[in-house]
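Chemist: Pasting a structure here, questions to come.
All of the numbers you see were taken from the coordinates with simple rules; none came from a lab. Since we're looking at a predicted model, the values are computed, not measured. Please note: Cβ atoms are built from the backbone with ideal geometry, for glycine as well, and neighbour counts cover all protein chains shown.
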Amino acid sequence: MMTNLFSIFDPSTNIFNLSLNWLSAMLGLLFIPFSFWLIPNRHQLMWTFISNKLHNEFKILLGNNNKSLGSTFIFISLFFFILFNNFLGLFPYIFTSTSHLNMSLSISLTFWLSFMFYGWLNNTKHMFIHMIPQGTPTVLMPFMVLIETISNIIRPGTLAIRLTANMITGHLLITLLSSTGNNLNMYLLSLLIFIQIMLLVLESMVAIIQSYVICILSALYSSEVN
């Protein structure tokens, strides 16, 4: 029995009081069979097609310079990792790790800090120039520096909250609707099941879109420091 609506997002379990639900983040490895690495098949062709599309997309954002060679694979791996965890949360009794700020903020903060360290250590002049847009009047320069600094600092937080909020909202809506099924007649129950299926399809699309948005924004932030 669920005592709290937000208990579905609780990472703790009753087994020796350990947070075993976080192990769901590793279940994505089960979706990669050994045949994926050995012989060509439809599974391999599908993921190769997606990887190539993402590679071309990130290559455009990062540029074709030598410094960004191989960087696209980092964002492709990030896309698949978030996608697996978003989809796993749609299955019953599986903990959604991306619905917690522990996971999403750790990812976004790690990428943001690496971009900032690399930019300020290697392209210091470019980072200072980026804080003042071209054509800014002299009087407004201090305010623009302040605004750009604040907007830069809150980037990891906005990335994490965007992912977490979208995952929590859909799951809460599905849980709220499903809790009313015991008090409905047959006709309303059929309608509820249809609505739940539509919400599940919507959540599947949200899982893909949010994975793509997080990776695209991370790639854009990376391109600004080069």
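Chemist: Rounded to the nearest Å, what's the spacing between the alpha carbon centres of the stretch 79-101 and the stretch 153-226? Just the number, please.
Modeler: 10 Å
Chemist: Shifting gears a bit: What nm value, rounded to one decimal, do you get for the distance between Leu176 and Tyr118 when each label is placed 7 Å out toward the C-beta?
Modeler: A separation of 4.1 nm, rounded to one decimal place.
Chemist: Whole-Hz ³J(HN,Hα) for each residue in the stretch 128-143, computed from phi via Karplus 6.51 cos²θ - 1.76 cosθ + 1.60 with θ = phi - 60°, x for glycine and proline: what do you get?
Modeler: These are the phi-based 3J(HN,Hα) values: 5, 5, 5, 6, 10, x, 5, x, 6, x, 4, 5, 8, 4, x, 5 Hz.
Chemist: Compute the distance in nm between two label points, each set 7 Å from the Cα along the Cα-to-Cβ direction, one at His43 and one at Leu191.
Modeler: 4.2 nm
Chemist: To continue, here is another question. Using Cα pairs under 8 angstrom and six or more residues apart, how large is the relative contact order of the stretch 132-224, in percent?
Modeler: Computed value for the stretch 132-224: 27 percent relative contact order.
Chemist: I need the shape label for the stretch 28-225. Rule: rounded when a/c is under 1.5, else prolate if a/b > b/c, else oblate, with a, b, c from the alpha carbon gyration tensor.
Modeler: oblate
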